[in-house]
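For reference, the structure discussed in these notes is given below.
Taken together, the values in this text are just the output of simple stated rules run on the coordinates, not laboratory data. Being a predicted model, the structure only gives us computed values, none of them experimental. With ideal geometry, Cβ positions are generated from the backbone for all residues, glycine too; neighbour counts draw on all protein chains shown.
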Amino acid sequence: MSISIQTADFDLAAELAALRKSSAQTGALVSFVGLVRDFSSDEKIEGIYLEHYPGMCEKALQKIIGEAQQRWHLLDVRIIHRIGQLLPNDQIVLVATASTHRADAFAACEFIIDYLKTAAPFWKREQTAHGTKWLDTKDTDIQRMRRWHNGETV
């Protein structure tokens, strides 16, 4: 299991290749890559700036992985989250899971990104032609996380 919070971009193919090699039992890899969109509501986005709480953020991500491991059989997990200045179409986050079976890999990947969006101490400041603003957690992200907490399917 690995967590990386970094300013540098990541190579998706290299990350998945490393995850694939982590166990000969791997039968499924599932990945999610989040990108910076160039729009928000009705405004064009020029970029975003991401900050995190060092130490606390890694602990929160470790806790999320631990909970996923309790729910599903996982062989490995890779989370990369970028911080700093990002532009439209830049990669923000990678969540990748490895398991012996696809159902566990899919469910765990979705669970991890849903919890990451609500429970990890990251902050985003959106930049538009009209200035900057800090973004709040979206209600839809909170609802997705609550569904996992309540044992519902997403």
What number comes out for the charge environment of Gly27, summing +1 per Lys or Arg and -1 per Asp or Glu over other residues with Cβ under 15 Å away?
+1
Taking the structure as given and computing Rg and Dmax of the Cα atoms in Å, which label from [x] 14.9, 46; [y] 15.8, 52; [z] 17.5, 64 fits?
[y]
Fewest Cβ neighbours within 10 Å first, please rank Val95, Val36 accordingly.
Val36, Val95
How do the peptides 66-78, 44-56, 107-119 rank, highest first, by the average count of neighbouring beta carbon atoms within 10 Å per residue?
107-119, 66-78, 44-56
Mind scanning Lys63/Lys124; Lys21/Lys133; Lys21/Lys63 and naming the pairs with a C-alpha gap bigger than 32 Å?
Lys21/Lys133
To test your reading of the geometry: what angle, between 0 and 90 degrees and rounded to tens, separates the Cα axis of helix 139-149 from the longest principal axis of the chain?
20 degrees
In nm, spacing of pseudo-spin labels at Trp134 and Asp9 (7 Å Cα→C-beta vector):
3.0 nm
Cβ-Cβ cut-off under 11 Å around Ile48, Lys and Arg +1, Asp and Glu -1: the net charge is 0
For the Thr26, Ala119 Cβ pair and Förster radius 22 Å, calculated FRET efficiency rounded to 0.05 is 0.25
